[in-house]
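First up is the structure itself, then whatever we jot down about it.
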Amino acid sequence: MTAEQITFLTFGCLLILALAFDLGLLSKKGSHITIKKAIWQTAFWVTLALLFFGFLWIENGHEIAISYVSAYLMEWSLSIDNIFVFILIFGFFKVKEKFYGRVLLIGILMAIFFRIIFISIGIGLVKQFHWILYIFGAVLVYTGISMFRAKHDEEADLENNRVYRLLKRVLPLTTDDGGGKWTTRINGKKFYTSLFVVVVMLATTDIVFALDSIPAVFAISPEPLVVYTSNIFAVLGLRSLFFLLKGAANKFAHLQQGIAIVLIFIGLKMLVEYFHVEIPVYISLLVIVTCIVASIIYSINVSNRALETKPTDAGIDREIH
């Protein structure tokens, strides 16, 4: 067996064992996910991803390993932005907390399935038409600029979401959650519950994000090993990240700008290759880490300053008198 085949086999075995451990021990059905448990689950998936980085370094060399960890960190940061949309969807459809874990699991497994399809198509296209990478680059630059200029306080208009409107047009829907089921019967007629709609919207939302993130990974490395593993590890950590961040969305208001700068950089990296200018992978890693860490720190500082300067009732009384 080649080193790549051994790595894929190891990744597959690791994934099965990790999912069994996560679902069997860390996420028992119907259990309440506390902040403490979410921290442990997030640490579990991040540690696993970093251990795989060490395995790649030993088995496949430092260049593949650095490409993998760069792609993983970028996907992970994009996942945080994805989480905030998930939070809006759960709030809009008033999903009960006891159904969070199950709905997220099914939505994420669907997202992995679709990502594998998109990645396979992308790898085939890149091999057949190398120039498509320049189109990917231009799209990433445009997306990054649009994301940087977007306002944070704009609420997503889920009522007019295209997927939601399509579901309402073609399927009989009910706002009831059906006690955790996907369908229910009302007066003898079959209806699809709000949980079914949420699962579909989670999967389609991730597909939209994947249209940006997958081309960005190709800019870091076109190696199938890097693209598949970094994407899957990042997506598998979404569930624990959701529980970790659902009460702290406002703490990361400026993360979007950091991600936007990363996308612009990655897009430009793809475009300058046309002029035979190659940016080393460790530079990409440095830019990704710097932008994400700086935007998170800046967001938290701005949030904390806003809380400190928020007037209290006592403060208002003092001003009046």
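The values are calculated or read from the model by the stated rules, or taken from the named source; none is laboratory data. The shown structure was predicted, so the numbers you read here are calculated from the model rather than taken from an experiment. Neighbour counts are summed over all protein chains in view; Cβ atoms, including those assigned to glycine, are modelled from backbone coordinates with ideal geometry. With ligands, DNA and RNA removed, areas are computed over all heavy atoms of the protein, side chains included. Shrake-Rupley method; radii C 1.70, N 1.55, O 1.52, S 1.80 Å.
One table, with the values for the structure above:
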read-out: Test: residue in region 136-156 that is under 26 Å from residue 103 (Cα atoms), in a helix (DSSP H, G or I) and out of contact with any Gly (no Cβ under 8 Å at 6 or more places or on another chain); value: no
read-out: Residue match in region 5-23 (condition: hydroxyl-bearing (Ser, Thr, Tyr), in contact (Cβ under 8 Å) with a residue 40 or more places away in the chain, assigned to a helix (DSSP H, G or I) and open to solvent by 30 Å² or more (accessible area, probe 1.4 Å)); value: yes
read-out: Any hit, region 33-49, residues being closer than 29 Å to residue 285 by Cα, surrounded by fewer than 17 Cβ atoms within 10 Å (Cβ to Cβ), among the hydroxyl-bearing types (Ser, Thr, Tyr) and modelled with pLDDT of 85 or more; value: yes
read-out: Hits in region 271-291 - residues which are at pLDDT below 85 and open to solvent by less than 50 Å² (accessible area, probe 1.4 Å); value: 281
read-out: Given (1) surrounded by fewer than 21 Cβ atoms within 10 Å (Cβ to Cβ); (2) over 24 Å from residue 55 (Cα atoms); (3) in contact (Cβ under 8 Å) with a residue 60 or more places away in the chain, number of the condition residue 267 does not satisfy; value: (1)
read-out: Region 193-239, subset among the small types (Gly, Ala, Ser) and within 16 Å of the chain's Cα centre (by Cα), residue surrounded by the fewest Cβ atoms within 10 Å (Cβ to Cβ); value: 203
read-out: Sole residue being hydrophobic (A, V, I, L, M, F, W, C) and either assigned to a loop (DSSP other than H, G, I, E, B) or under 21 Å from residue 88 (Cβ atoms) (or both), chosen from 118, 114; value: 114
read-out: Condition check for residue 125: open to solvent by less than 70 Å² (accessible area, probe 1.4 Å), free of Cβ contacts under 8 Å to residues at least 12 places away in the same chain and closer than 24 Å to residue 232 by Cα; value: yes
read-out: Residues (in contact with a Gly (Cβ under 9 Å, 6 or more places away or on another chain) and open to solvent by 10 Å² or more (accessible area, probe 1.4 Å)) located in region 61-85; value: 76
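One line per residue, one yes/no per condition, for (1) at pLDDT 85 or above; (2) under 20 Å from residue 224 (Cα atoms):
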{"position": "89", "(1), (2)": "yes, no"}
{"position": "116", "(1), (2)": "yes, yes"}
{"position": "150", "(1), (2)": "no, no"}
{"position": "153", "(1), (2)": "no, no"}
{"position": "158", "(1), (2)": "no, no"}
{"position": "182", "(1), (2)": "yes, no"}
{"position": "185", "(1), (2)": "yes, no"}
